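In what follows, a structure is listed as structure tokens, so that the remarks can point back to it.
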């Protein structure tokens, strides 16, 4: 076994999370609502992009580039609805982020295993 | 087919990006100020707004409960302090009302038309754009409440922005500190005219004041009315700092009068009207009379009364004295 195979987990061993449709749709909608609501009371939260975090979370968890692209585009376009910018500004950015995050998720396993598990 | 299955993800990525780029290009080319609200935006905002309203109303309920029970400590002392303030302000108000009447008389004589705020609609802020780069607000009232595009939005402290997009039961407001916002402004004391614009960092700046002009920090800015959106004389903010710009103009930063970062309720001005000051309160007064009233005048001579004359009511004397002017 080469040293690299010790570092990188093979794809068949990587844990892939699946989300139900209500979660896949409801979580981005809830995220947009929270992102719009919270800065009313905590203005500094404007600097956090919850859409970016959610895109990375879904993309890394699902470990599918196709899913990352679609999720990123959907969340980005959802955010575009709440800004004055034309549709596509956030959409393109999040599409690329989703693709990149899922590509990284395929290659790197970031799951923390307990001391008993091997 | 073989190529597609082998590079499926890359092809999908390219297709999604291309579609969004094309959509972006079309929107940028067709973008007009009076463009219709896009269907997607309407549907998404319509779906999310009830959620935001629920969050805001729940938060307000909790906050009101806290304020109305726990936060009432020290109200008695505050009440006494406020009573003293009211007494002082009443005196100040009486003086200002006299000045206002004088100004109205002068305006009427000069047939000076002015924009008056006729009706306003109070609305609650239920959301923001959520992005640091985009300063937008969502209100819980829309076209159902009579709100239309480009209507000014204010608070008692100052200007907030103008209505950008109107939905059925909500509306989107472009704040004055957004980078794409601009409004006519006058420095209250020096009467210098400029444009207050937002910056990418969400700050306000007064543009187009020539470098040779004198502007000091602390000076008040009000709306000029020249943009045909905001009525004249609404407070915008105060000059925060003045620096020499890189071009012919001064670099002036403005501190907004309204608390733009913490907005709870706002007023939307739904109707303005060109109107003259009320003629009834003016009466038949000449401009010279008004001006002479402001000049130091010689006190009227005191008539010497005969000692044996019978006492008469003071009102009669006053009336006669009033009629016995220069004829």
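A few notes on this one:
- Selection status of residue B:191, loosely packed, with under 14 Cβ neighbours inside 10 Å and over 22 Å from residue B:251 (Cβ atoms): no
- If you go through segment B:246-271 and keep only what is crowded, with 19+ Cβ neighbours inside 10 Å, part of a strand (DSSP E or B) and within 13 Å of the chain's Cα centre (by Cα), you end up with B:256, B:266, B:268, B:269.
- Entirely in segment B:42-154, the strands (runs of 3 or more DSSP E) that have 1 or more residues that are surrounded by 10 or more Cβ atoms within 10 Å (Cβ to Cβ) and away from every other protein chain (no Cβ under 14 Å): B:114-128, B:152-154
- Scope segment A:45-63; condition touching a residue at least 40 places away in the same chain (Cβ under 8 Å) and outside any helix (DSSP H, G or I); matching residues: A:63
- Residue-level check: of (1) away from chain A (no Cβ under 11 Å); (2) within 23 Å of residue B:53 (Cα to Cα); (3) modelled with pLDDT of 90 or more, residue B:169 misses just (3).
- Residues of segment B:157-195 that turn out to be in contact with a strand residue (DSSP E or B) (Cβ under 8 Å, 6 or more places away or on another chain), assigned to a loop (DSSP other than H, G, I, E, B) and closer than 23 Å to residue B:271 by Cα, as a count: 5
- Top-ranked residue of segment A:87-118 - restricted to ones that are buried (at least 19 other Cβ atoms within 10 Å of the Cβ) and assigned to a loop (DSSP other than H, G, I, E, B), ranked as modelled with the lowest pLDDT: A:87
- Neighbours by Cβ (under 6 Å, 6+ apart or cross-chain): first from segment B:16-28, more than 7 Å from chain A (Cβ to nearest Cβ) and farther than 16 Å from residue A:76 by Cα; second modelled with pLDDT under 85 and outside any helix (DSSP H, G or I): none
- Selection from segment A:51-66 of residues that are farther than 18 Å from residue B:49 by Cα and at the interface with chain B (Cβ under 10 Å from one of its Cβ atoms): A:64, A:65, A:66
- All of (1) under 30 Å from residue B:38 (Cβ atoms); (2) at pLDDT below 90; (3) away from chain A (no Cβ under 14 Å); (4) not in a loop (DSSP other than H, G, I, E, B) hold for residue B:243 with one exception: (1).
The values are calculated or read from the model by the stated rules, or taken from the named source; none is laboratory data. As the structure is a computational prediction, the values presented were derived from the model and not from experiment. Every residue, glycine among them, receives a Cβ derived from its backbone with ideal geometry; neighbour counts consider all protein chains shown.
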